[in-house]
Structure formats: structure tokens, C-alpha cells
Amino acid sequence: MDILRTTRALQSRADAVRADGRRIGLVPTMGALHEGHLALVDAARARADDVVVSIYVNPTQFNAGADLEAYPRTVETDLAACEARGVDAVFLPGDDQLYPEGAETWVDLSEITRPLEGVSRPGHFRGVATVVTKLFIAAKPHVACFGEKDYQQLALIRRMATDLGFDIDVVGVPTVREPDGLALSSRNVRLSEEARRQAPVIARVLDAAESAVASGERRCEALLHGVRTELAKAPLAEIDYAELRTADALAPVDAVLEGPTLLALAVNFPAEAGGTVRLIDNRVLETSQS
Ligand code: PAF
């Protein structure tokens with residue numbers, strides 16, 4: 001497995017792989033890899049000959065310096081996990097490679113970044129869009145894989161790839177879940193014991209909404225009422241948002257579902273160490289099924 005630390009080295013390697021007629025699959029990550037990330041590696045492997053994982057804790061997508069400091073850094077374990085999963089190359093850049101001194105170029109999308117996560121994390125998606133653009137330019141992939149759990153991130157990267165004319169297939173990979181339905185996240189370990197017991201309520205709420213739509217329910221208010229009622233059964237769950245939005249542009253859906261619609265949830269639970277852990281999850285509700 002190659003380990004590359006400079007953009008120049010990654011670009012030269014990509015040129016050689018492309019010259020051989022081989023397809024490159026990129027999996028951008030911030031490290032602390034779990035099975036969810038490794039599912040992205042598998043998805044890239046299924047679509048490309050050469051799989052590149054980038055590991056970079058991107059400072060510009062953090063709102064608070066303390067969160068950036070506290071972000072888990074487990075490079076040795078991550079490299080071992082990549083090697084074991086058959087990754088061909090890992091890109092491990094330093095800040096100077098992605099943000100050269102004096103950097104002042106940003107990629108900033110408008111409407112799609114405003115709702116949902118954009119409300120409580122101003123500037124977050126500008127950091128994501130900027131670093132993903134830089135990774136696309138550095139890795140020159142044919143295909144790039146992102147988790148559907150961070151649905152808004154996936155949607156804006158698709159939008160950005162279209163708007164900027166990147167010749168890259170942006171693939172969304174289904175969320176990997178614990179046996180009780182809880183979406184895998186590095187945040188799960190921070191939940192208190194009782195919060196961890198109650199947290200799978202989120203997946204049950206999504207399943208119930210999907211069943212309701214499959215049975216013909218189309219009224220937004222009825223669906224959201226169902227979401228709130230189900231979540232109330234977990235006394236520790238505190239809703240940050242529960243919203244229905246169009247699945248592509250994330251525009252508001254007012255009265256009735258008329259096409260594929262995203263049900264997006266963010267729910268706070270108590271953390272073991274005090275404070276809260278904010279969990280997000282989502283489901284695309286398909287109206288064409290019934
Ligand atoms: O999803 C993530 O881990 C990050 O937002 C990404 C896409 C690697 C950009 O830093």
C-alpha cells in the first residue's frame with residue numbers, strides 16, 4: 001500500500017494509474033475509520049481498479065477550535081485497517097498541502113447548505129466543499145464514495161460536481177448500522193449507557209415513516225407527527241430537527257410528498273462525560289412504491 005504525503009506525489013501517481021487505463025476510486029475520510037468507512041472502500045473497489053483513501057482532519061469544517069482538537073486521530077490503526085481491506089494508496093497530507101500559506105480560495109454553495117446541519121454549523125459545508133474540491137484535484141478519481149448517513153454532505157458534493165463539471169461519478173453508499181439499527185458513528189461511544197440503549201429509536205422512527213409512506217400516507221404533518229410521537233417514547237431523546245425536504249435540492253416540502261423526499265433527523269442524547277451527543281440519520285421516502 002502506497003502512502004503519499006504531498007499533493008504533487010498523489011497527482012503523479014494518479015497520472016500513472018490513468019496512463020495504464022486503470023480507474024481510480026477515492027474515499028475521502030477524516031480518519032478514525034470504522035466499518036462505515038470500510039463499506040465506502042468496498043464500494044470504491046467494486047467500481048474502480050485502484051482505491052485511494054484520504055485521511056485528513058480538515059480544520060476549515062469545524063466550527064469550534066475545541067472540536068478540532070478533540071477529534072480522534074488514530075492514524076496507525078487506520079493505516080492497518082486500510083491495508084487489511086486492500087486499499088492501494090493512502091493520502092496523508094499535512095495542512096500545508098491543502099491550505100498553502102495565504103490560501104484564500106473557497107468553494108461555497110448556497111441554498112443546499114442552509115437548512116438542516118447548516119443551521120447549527122455555519123461555515124461547515126464551505127469547509128467540506130473546499131477540501132473535497134482539493135481532494136478531487138489531487139487524487140484525479142473517476143469515482144468518489146461518500147456515506148448516505150451524511151446525506152446533506154452527499155447532496156451538496158453531487159451538486160458541486162455537476163456545477164464545476166468534475167468528470168467524477170459521486171456515489172452514495174448506504175449507511176452501515178449496528179444490529180439494533182443505530183447508524184455507525186464515531187460519536188456513539190460517547191453516549192451514556194442509557195442513551196445508547198434508547199438511541200436505536202431513531203432507526204425505528206425512520207422505519208415507521210417508510211412504512212407509513214408505503215401504506216399510502218403522503219401528508220407531511222401526519223408523518224412528522226408520527227416521528228415526534230415515536231421519538232417521545234425515548235425519554236432521553238431531544239429533537240434538534242425533524243424535517244422533510246426534496247431528496248435532491250433539499251428544498252422544503254410543504255403539505256404533501258410528491259416525489260422522493262428526505263426525512264432528516266438530528267437528535268440529542270446525554271453523553272457519558274456530561275453534555276450531549278448529537279446523532280443524525282435519515283431516510284429517502286420513495287412515493288413511487290405505492
Ligand atoms: O465525511 C467526512 O469525513 C468529511 O466531511 C470529508 C468528506 C472527508 C471532508 O473532510
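The values are calculated or read from the model by the stated rules, or taken from the named source; none is laboratory data. All figures in this text were calculated on a predicted structure; none of them were measured in a lab. Every residue, glycine among them, receives a Cβ derived from its backbone with ideal geometry; neighbour counts consider all protein chains shown. Remember, those area values only see protein heavy atoms, side chains included, never the ligands or the DNA or RNA. Shrake-Rupley method; radii C 1.70, N 1.55, O 1.52, S 1.80 Å.
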Checklist entry - Out of all the residues in the stretch 22-64, which are within 15 Å of the ligand (Cβ to nearest atom), of a type in the set (A, V, I, L, M) and not in a strand (DSSP E or B)? => result 30, 32, 33, 38, 39, 40, 41, 43, 44, 57
Checklist outcome for this item: Those residues of the stretch 75-87 which are more than 20 Å from residue 6 (Cα to Cα) and part of a loop (DSSP other than H, G, I, E, B) amount to 85, 86
Next on the checklist: Restricting to the stretch 125-144, count the residues that are within 13 Å of the ligand (Cβ to nearest atom), farther than 19 Å from residue 93 by Cα and buried (at least 19 other Cβ atoms within 10 Å of the Cβ).
Outcome noted: 1
Next on the checklist: Given the criterion open to solvent by less than 30 Å² (accessible area, probe 1.4 Å) and either more than 29 Å from residue 251 (Cβ to Cβ) or away from the ligand (no atom under 15 Å from the Cβ) (or both), identify the matching residue among 182, 156.
Outcome noted: 182
Checklist entry - Out of (1) touching a residue at least 12 places away in the same chain (Cβ under 8 Å); (2) open to solvent by 30 Å² or more (accessible area, probe 1.4 Å); (3) more than 21 Å from the chain's Cα centre (by Cα), the odd one out for residue 217 is which? => result (1)
Next on the checklist: Contact list please: Cβ distance under 6 Å, first residue in the stretch 4-21 and part of a loop (DSSP other than H, G, I, E, B), second residue open to solvent by 40 Å² or more (accessible area, probe 1.4 Å), pairs at least six apart or on different chains.
Outcome noted: 6/97
